[in-house]
1. Restrict the check to segment 392-399 and report whether at least one residue is polar (S, T, N, Q), open to solvent by 10 Å² or more (accessible area, probe 1.4 Å), in contact with a Lys or Arg (Cβ under 7 Å, 6 or more places away or on another chain) and farther than 16 Å from residue 295 by Cβ.
2. I need a count of the residues in segment 417-448 that are open to solvent by less than 40 Å² (accessible area, probe 1.4 Å) and under 17 Å from residue 385 (Cβ atoms).
3. Only one residue in 210, 291 is of a type in the set (Ser, Thr, Tyr), in contact with a strand residue (DSSP E or B) (Cβ under 7 Å, 6 or more places away or on another chain), in contact (Cβ under 8 Å) with a residue 12 or more places away in the chain and assigned by TED's automatic domain parsing to the domain that holds residue 25. Which one?
4. Quick one: what pairs do we get from segment 311-328, first residue not assigned by TED's automatic domain parsing to the domain that holds residue 281, second within 16 Å of the ligand (Cβ to nearest atom) and outside any strand (DSSP E or B), C-beta under 9 Å, 6+ apart or different chains?
5. In this structure, is residue 351 open to solvent by 10 Å² or more (accessible area, probe 1.4 Å) and of a type in the set (A, V, I, L, M, F, W, C)?
6. Residues being open to solvent by 10 Å² or more (accessible area, probe 1.4 Å) and at negative phi: count how many of those fall in segment 315-325.
7. Residues that are touching a strand residue (DSSP E or B) at 6+ places or on another chain (Cβ under 7 Å), open to solvent by 50 Å² or more (accessible area, probe 1.4 Å) and under 27 Å from residue 135 (Cβ atoms): does segment 214-236 have at least one?
Amino acid sequence: MEVIHISAECYPVAKAGGLGDVVGALPKYQSQAGDYAKVVMPMYRTKFLYENDWITDFKGQTNMGNWFFEYTVIKEKTNKLGFDLYLIDIHGLTDREKIYGYDDDVERFTAFQIAFVNWLSTWEHKPDVIHCHDHHTALIPFMLQHCYQYRWMNDIPTVVTIHNAQYQGWMGWDKNYYIPAYDTWKSGLLEWAGTINPLASGIKCAWKVTTVSWSYLEELRSAANGLEALFEYEKGKCTGILNGIDYDVWNPQTDAMLNGKYTIKSVAAGKKKNKQAICKQFGLDANKPLTVFIGRLVGEKAADILPDAIAASIYGTDGAMNFFVLGSGDPAVEDRLRDLNNHFPHLYNSFIGYDEVLSHKLYAAADFLLMPSRVEPCGLNQMYAMRYGTVPMVRSTGGLIDTVVDMGDPDGFGIRFNHASVGDIVYSVQRAVSVYNDKKHMLWMRQHMMKLDHSWEGAVQQYRFMYQSLK
Ligand code: ADP
């Protein structure tokens, strides 16, 4: 099967969060399982671009409304990532340092999608599936089915996977002319609540829609940032497939980024060594347990309550727990998290920024990983934590429900709470301190988690069944 993944992110080319991890791993494991998976993404000016060799695969020209542009498709030469990787360069639009955050993101991603469909129309064969990820690529099903120039390709099955329904790519109707010409009576397939809504359009027009966990799909019917009724209406074609994690990248036995590698057997000593190194580097107390938070400092992750929750937890446990935060996002939250250093110098520290290597070191060093998320479509952090023998302390939502069992339940290994509130976090931290002091129980939980299977193999099979159902 030839599967074309089209996405704004792909690790290690360009990553802002979980989407990048998934698109960097799923195609690799699909290729290993015998499918032919390719990834197509915009060409940003990232380190990966400059450090690798490329060949020009195609040069084309097309238009977005009355703006005519040229694009170039380049291909990575050596199949370094385990799949064919293509980048589309639209001079002046895609070739920037960051993935998102520009005033013209709507133009950037719309032009990228038009260029992709235009390029596809020159292929001598049709692929088996076009697999679109999130709103940045969710106009493609509409373009293939309804735009005059491209609808001869409407028999190519399309899948939209939703990694995050909070962001939908909204654009005003004044930008309707960007989209290649179509019958205006079909404009309802682009529309939701008065605007062009690419994610809604993808849900309406794709042959199948998947979310990255079952519980998230359930939640979307009652909380989908305005799309609730659409998820209810389209539930027949929606399914949840839980993400895996890339065991080649996330493996404490082989991870070169760690301060000490370890196995299931040597987990206690291995984690201690990693914790000592981190505590030394950041002035924390290695004799106490360590809770870390890693992630985007945004409302979805409940980062706004972190400063109060950490302060209250330190008071509520009489300073029995260390805390460390790695993240970036809302500047007000960043400031408050930096300021907290002054209040608890030997119990709390933070690194405000994005640091892939430090994240690996922290998953290995931590005893607990805090995720009080208000919304969590799947969540990869808790799975990385488990792989590294770190106990997840999570709010019961989305993919966290599907992957973490509270230690109070049979075979439980994690800590779950119901509300993104200071009170629930303090109570959970108190539970963490008490289980940390029960060395035998703690070791059992660590080893149990490390044995759990969160590899991609199962998800690859489920995606394949889904693709086959489209034939
Ligand atoms: P989301 O995609 O919503 O941000 P996920 O849990 O799916 O959340 O994925 C987050 C990914 O981003 C994980 O790989 C996590 O380790 C990484 N990450 C988030 N923030 C940072 C940061 N500041 N530094 C390093 N890695 C980070």
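The values are calculated or read from the model by the stated rules, or taken from the named source; none is laboratory data. Small disclaimer: the values here were computed from a predicted structure and weren't measured. In this analysis, Cβ positions are derived from the backbone assuming ideal geometry, glycine residues included, and neighbour counts consider all displayed protein chains. When the accessible area is computed, the model is the full protein with side chains, heavy atoms only, and any ligands, DNA or RNA have been set aside. Shrake-Rupley method; radii C 1.70, N 1.55, O 1.52, S 1.80 Å.
1. yes
2. 10
3. Working: 291 fails: assigned by TED's automatic domain parsing to the domain that holds residue 25.
So the residue among 210, 291 that is of a type in the set (Ser, Thr, Tyr), in contact with a strand residue (DSSP E or B) (Cβ under 7 Å, 6 or more places away or on another chain), in contact (Cβ under 8 Å) with a residue 12 or more places away in the chain and assigned by TED's automatic domain parsing to the domain that holds residue 25 is 210.
4. Short answer, once both residue conditions are applied: none.
5. Considered against the rule, which asks whether it is open to solvent by 10 Å² or more (accessible area, probe 1.4 Å) and of a type in the set (A, V, I, L, M, F, W, C), residue 351 comes out as yes.
6. Of the residues in that region, 4 qualify.
7. For segment 214-236, residues touching a strand residue (DSSP E or B) at 6+ places or on another chain (Cβ under 7 Å), open to solvent by 50 Å² or more (accessible area, probe 1.4 Å) and under 27 Å from residue 135 (Cβ atoms): present.
Yes/no matrix, rows are residues, columns are (1) more than 24 Å from residue 159 (Cβ to Cβ); (2) within 16 Å of the ligand (Cβ to nearest atom):
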position	(1), (2)
24	no, yes
50	yes, no
58	no, no
72	yes, no
82	no, no
116	no, no
